[in-house]
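Right, one structure below, let's go through it.
The values are calculated or read from the model by the stated rules, or taken from the named source; none is laboratory data. Source: prediction; values computed, not measured. Counting neighbours? That spans all protein chains shown, and the Cβs are built from the backbone with ideal geometry, glycine included.
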Amino acid sequence: RLSLVHEKDNPLFQKQSNQNNRISVFVRLRPMMKREKEANSRSCVRIVNRRDVYLTEFSSDNHDYLRLKRLKGRHFTFDASFPDSASQLDVYSTTTADLVEAVLQGRNGSVFCYGATGAGKTYTMLGTVENPGVMVLAIKDLFTKIRQRSLDGNHVVHLSYLEVYNETVRDLLSPGRPLVLREDKQGIIAAGLSQYRAYSTDEVMALLLQGNKNRTTEPTRANETSSRSHAILQVMIEYRTRDASMNVINRIGKLSLIDLAGSERALATDQRTLRSVEGANINRSLLALSSCINALVEGKKHIPYRNSKLTQLLKDSLGGACNTVMIANISPSNLTFGETQNTLHWADRAKEIRNKAYETNEELVQETESDADQAKLLLEVQKENR
Ligand code: ADP
Ligand code: MG
C-alpha cells in the first residue's frame, strides 16, 4: 500500500526539529579582488576563531588612503564565520552537510545566500567547474550517502531550478512562459515547473551552469546576470520505506538552495535607506523577505508571506517546519563598507528566527504588479520597521 507521509506526522522529524529550532547563520568573507586592490582599497573585516567578525570603519580625508583613521569597530558573532581562505568543501561541510542528512530522512531544509552584488553568493552556491559550490557538493554528498547505504534502488532524486525576477517566476531548466504559483496540500508550487531526474554530479553541474545562463540579464549589460534575480534550486528526494505496521510508504525530503538577488537595493533596515531606494528599482521580493524576517523575529502572528513571489515560495522554509541555513556573503573592501555593515546587521537579526511548526493555511491570491502596489508595500515595510 502506498501513501504519502507528511513531515509533521513523522516522529523522527519532530524529535530532531525540537532539538535545534534556531536557524543557523554563517558569514563568508571573499578574497579581495584585483580591481579592489588596484583602487587601493583596504580590508575592513577581520575574522577571528572562525566565529567572530570585526568590522572597522575607516575615514579618509579627500580619499587620501595613506591617512586612514580608525573610526569605530563592531563585533558580530555567528554559528561560524569563514575567512577568505575557506574552501568550498569547508563551507559546504559546516553549513549544509547536516541538512542533507536530514533531507535524506524525509525532512525539508533550505540554505540561502544573502549579500550585496559581488559579495560571493553565486560563487558559494554554484561555484565553478574546478571549485563547485554548495548546490553541487550537496547533490554529490547525497549520491554518496545513498550509495554508501546501498539505498540505490529506492531513492530517486529530482531537481528543479527556477528564478524570481521582477515578480515573475521562470523555469531555468526549461525556459518558456512565466510560471503561476498555486497552493496545494504540500505547500506552494510553481505550476508546470519541470523536474529533472538526476543520476550523476557531473551532469548536475552542467545542468546548473546551463540554468544559470538562462537567468535574466540586466537590459543594459548583456551577458551579465542581473543582480535582481533570485535563483532557487529545489532538490527532491523520494524513497520508499516501511512504517511501524510494515506498510510501504513513500517519503519525500526537499532541499531548497537559494542564490538571492543583491541586497544593496533593498536595505529595509532603516528609514533613511528606505527613502533613498524609493526612486530606484526596488526588489519587492527581497523587501518582503526582510519584512518576513522582521515579523518572525518579533514573534508576530501574521507573517506577510503573500507580499511577494519569493516569500510565497519560501513559506515552508522560513520559520516554519524546516531547517534553515543562511550564509551571508561579504567583501573585505572598505569601498563597500556600508553594504557589508548592512549584510552583517541583517544576518545578526536572522539569528533570532526560530523554526517552529505552525499552520500556514492561507489561500494564495494572484496579485498584479503595479506601482501603487509597490508604494503600498513600502509603506507597510516602513510601518513594520518603525
Ligand atoms: P554575487 O553572486 O554575490 O554577485 P559572485 O559570486 O559572482 O558574487 O562573486 C563575485 C566575484 O568574486 C566572482 O568573480 C567570483 O568568482 C569571485 N569570488 C567570490 N567569492 C569567492 C571566493 N570565496 N574565492 C574566490 N573567488 C571568489
Ligand atoms: Mg550572483
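Below, the figures for the structure above:
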| item | result |
| --- | --- |
| All positions within the range 215-251 that are within 16 Å of ligand 1 (Cβ to nearest atom) and not charged (D, E, K, R) | T216, T217, N223, T225, S226, S227, S229, H230, A231, I232, L233 |
| Residue match in the range 187-194 (condition: modelled with pLDDT of 90 or more and either more than 25 Å from K315 (Cβ to Cβ) or in a strand (DSSP E or B) (or both)) | yes |
| Residues located in the range 119-168, provided they are of a type in the set (F, W, Y) and within 14 Å of ligand 1 (Cβ to nearest atom) | Y123 |
| Residue match in the range 352-373 (condition: of a type outside the set (S, T, N, Q), over 14 Å from L286 (Cα atoms), at pLDDT 65 or above and crowded, with 18+ Cβ neighbours inside 10 Å) | yes |
| The range 88-129, subset polar (S, T, N, Q) and within 16 Å of ligand 2 (Cβ to nearest atom), residue nearest to S24 (Cα to Cα) | T124 |
| Filter result (modelled with pLDDT of 95 or more and among the charged types (D, E, K, R)) within the range 153-178 | E163, R170, D171 |
| Output for the range 214-237, where each listed residue is at pLDDT 80 or above, within 13 Å of ligand 2 (Cβ to nearest atom) and not hydrophobic (A, V, I, L, M, F, W, C) | R215, T216, T217, S226, S227, R228, S229, H230 |
| Which listed residue is surrounded by 15 or more Cβ atoms within 10 Å (Cβ to Cβ), in contact (Cβ under 8 Å) with a residue 24 or more places away in the chain and out of contact with any Lys or Arg (no Cβ under 8 Å at 6 or more places or on another chain), from I139, I188 | I139 |
